[in-house]
Amino acid sequence: MSLLMETAEKFIRDRKLDRSGYQLLLDHEQDPQLLSRIREEAVALREKIYGHDVYIRGLIEFTNYCKNNCFYCGIRRDNRQLHRYRLTGEEILSCCGQGYELGFRTFVLQGGEDPYFDDDRMIQIVSEIRRSYPDCAITLSLGERTKESYQRLFDAGADRYLLRHETADAGHYQSLHPQVMSFENRMRCLRDLKAIGYQVGAGMMVGSPGQTSLHLAEDLVFLQELRPHMVGIGPFIPHHDTMYAGEPAGSVETTLFLLSLIRIMLPGVLLPATTALGTLDPQGREKGLMAGANVIMPNLSPAENRKDYVLYDNKICIGEDPACCLGCLEKRVSRAGCHLVTDRGDYKGGGL
Ligand code: SAH
């Protein structure tokens, strides 16, 4: 057997590799034998744990104000071309209500780092959702906050937190972010979230400017150590009002290969087929499911605000209303041989 396939078999057996092992696999992502072996194993593992179930998460993009200035992001503070909006507590609750009627049992509140939504305001919103929908999971994706703040939001009823690490290489992290942001603080946040008891989601952009296969190998080692409950990965896509406007987008194929590797590494992980993947390839989300993903996150934000929550160019689903969106997704999911499920879709790790 070749060293490449031996490494693949070792990974499948042990569910872990060192950085050079991952780099070898990543540098041969186009090898047909490797690709089909890894994909087949990833899909078999997903089916063993989750069957053909695909979970839906209702995404509510409740503010596009942001105090941060991440170089790649369309809602960064210095983008003056953007119309900024905030939903009121009532509007957020009404998105949840609409979502609940449609069968959503997880709400994901995502936004820029907007100081208006301080702890008191967020706690009020989270407690209100918790009171109104005791059977639903509440996921937050609000960026970096203090441990105390994460704890208070958890106590108010939040269950899960998504905070992508973006890249596990400190130097690469710094090249994508302004000086005031730091890799150390990002890591501190992820550690705090886990210690508090959140189900935690990490993840990276694939093909962000300056990224090499060595960086991606570091990302895999990092995920292997952190063991998050969820991993959100998607291709980098340039945004026209950022300094990376002229950079090439990340690769759909690499993203799919990484989804399969992550499914094998963490068999019970919740793995979304992301909107960014669907943006670069019209069949991207179906392909993601067929590579081992098991989560889809449709948009529940009010139609008039969606066009303003633009992290990157050409984002899909900015016109549809949630009901249409769900019909379209049902078709896509069944084309991938799966079906949508309407429960909280909790982590089923542990077992394997
Ligand atoms: N402010 C929050 C959440 C909003 S950004 C936070 O920092 O966690 C959500 C995710 O969108 C980011 O973690 C990043 O990985 C992704 N993103 C931002 N800009 C992007 C781009 N140009 N292309 C692809 N993904 C991008």
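The values are calculated or read from the model by the stated rules, or taken from the named source; none is laboratory data. Bear in mind that the values here come from a model prediction, so they are computed numbers and not experimental data. We place every Cβ from the backbone using ideal geometry, glycine too, and count neighbours over all the protein chains shown.
Tell me whether the stretch 218-239 contains one or more residues that are within 10 Å of the ligand (Cβ to nearest atom) and of a type in the set (Asp, Glu).
Our first condition is that a residue be within 10 Å of the ligand (Cβ to nearest atom); within the stretch 218-239, this holds for 232-239.
Pick out the ones that are also of a type in the set (Asp, Glu) and you get none.
Scanning the stretch 218-239, I find no residue that is within 10 Å of the ligand (Cβ to nearest atom) and of a type in the set (Asp, Glu), so the answer is no.
Where in the stretch 229-297 are the helices (runs of 4 or more DSSP H), entirely inside, with at least 2 residues that are more than 27 Å from Asp18 (Cα to Cα)? Working first, answer last.
Working: elements: 252-265, 275-280, 284-290.
The qualifying helices (runs of 4 or more DSSP H) are 275-280, 284-290.
Kindly list, by first and then second residue, each pair from a residue in the stretch 1-27 that is under 15 Å from Arg263 (Cβ atoms) to a residue that is at pLDDT 95 or above and not in a helix (DSSP H, G or I), limited to pairs with Cβ atoms under 6 Å and residues at least 6 apart or on different chains.
The qualifying pairs are Phe11/Leu17.
Which one of the conditions (1) within 23 Å of the chain's Cα centre (by Cα); (2) among the aliphatic types (A, V, I, L, M); (3) not in a helix (DSSP H, G or I) does Met1 fail to meet, given that it meets all the rest?
With (1) within 23 Å of the chain's Cα centre (by Cα); (2) among the aliphatic types (A, V, I, L, M); (3) not in a helix (DSSP H, G or I) applied to Met1, the lone miss is (1).
It is to be established whether one or more residues within the stretch 94-109 are within 18 Å of the chain's Cα centre (by Cα), within 15 Å of Ile60 (Cβ to Cβ) and within 14 Å of the ligand (Cβ to nearest atom).
Within the stretch 94-109, the first condition is being within 18 Å of the chain's Cα centre (by Cα), and the residues that meet it are 104-109.
Those still in the list that are within 15 Å of Ile60 (Cβ to Cβ) too: 104-109.
With the extra rule that they be within 14 Å of the ligand (Cβ to nearest atom), the set shrinks to 108-109.
The answer is yes, given that some residue of the stretch 94-109 is within 18 Å of the chain's Cα centre (by Cα), within 15 Å of Ile60 (Cβ to Cβ) and within 14 Å of the ligand (Cβ to nearest atom).
Given the residues Tyr150, Tyr100, Tyr116, which is the only one that is part of a helix (DSSP H, G or I), in contact (Cβ under 8 Å) with a residue 40 or more places away in the chain and of a type outside the set (S, T, N, Q)?
Values: Tyr100 fails: in contact (Cβ under 8 Å) with a residue 40 or more places away in the chain; Tyr116 fails: part of a helix (DSSP H, G or I).
The conditions single out Tyr150.
Would you tally the residues in the stretch 68-97 being assigned to a loop (DSSP other than H, G, I, E, B) and either under 22 Å from Asp241 (Cβ atoms) or among the aliphatic types (A, V, I, L, M) (or both)? Write out each step before concluding.
First pass over the stretch 68-97, keeping only residues assigned to a loop (DSSP other than H, G, I, E, B): 68-85, 87-88.
If we keep only those that are either under 22 Å from Asp241 (Cβ atoms) or among the aliphatic types (A, V, I, L, M) (or both) too, we end up with 68-85, 87.
Number of matching residues: 19.
Which of the numbered conditions does Tyr65 fail, given that it passes all the others? Conditions: (1) part of a helix (DSSP H, G or I); (2) within 14 Å of the ligand (Cβ to nearest atom); (3) hydroxyl-bearing (Ser, Thr, Tyr).
Going through the list (1) part of a helix (DSSP H, G or I); (2) within 14 Å of the ligand (Cβ to nearest atom); (3) hydroxyl-bearing (Ser, Thr, Tyr), Tyr65 breaks only (1).
For the condition out of contact with any strand residue (DSSP E or B) (no Cβ under 7 Å at 6 or more places or on another chain) and surrounded by 20 or more Cβ atoms within 10 Å (Cβ to Cβ), what is the one hit in Ile38, Ile92? Step through it out loud before you land on a result.
Working: Ile92 fails: out of contact with any strand residue (DSSP E or B) (no Cβ under 7 Å at 6 or more places or on another chain).
Ile38 is the lone residue from the list that is out of contact with any strand residue (DSSP E or B) (no Cβ under 7 Å at 6 or more places or on another chain) and surrounded by 20 or more Cβ atoms within 10 Å (Cβ to Cβ).
Out of the residues in the stretch 75-89 that are over 25 Å from Pro322 (Cα atoms) and free of Cβ contacts under 8 Å to residues at least 12 places away in the same chain, which is surrounded by the most Cβ atoms within 10 Å (Cβ to Cβ)? Give the derivation first.
First, pick out the residues of the stretch 75-89 that are over 25 Å from Pro322 (Cα atoms): 76-81.
Checking the rest, the ones that are also free of Cβ contacts under 8 Å to residues at least 12 places away in the same chain come to 77-78, 80.
Working: Arg77: 16, Asp78: 12, Arg80: 7.
Filtering first and then ranking leaves Arg77.
Quick one: is Leu93 in contact (Cβ under 8 Å) with a residue 12 or more places away in the chain and within 24 Å of Gln224 (Cα to Cα)?
Values: in contact (Cβ under 8 Å) with a residue 12 or more places away in the chain: yes; within 24 Å of Gln224 (Cα to Cα): no.
Taking the combined requirement at face value, the residue does not satisfy it.
Since Phe183 meets every condition but one in (1) touching a residue at least 24 places away in the same chain (Cβ under 8 Å); (2) closer than 19 Å to Tyr72 by Cβ; (3) touching a helix residue (DSSP H, G or I) at 6+ places or on another chain (Cβ under 8 Å), which condition does it not meet?
It fails just one condition, (1).
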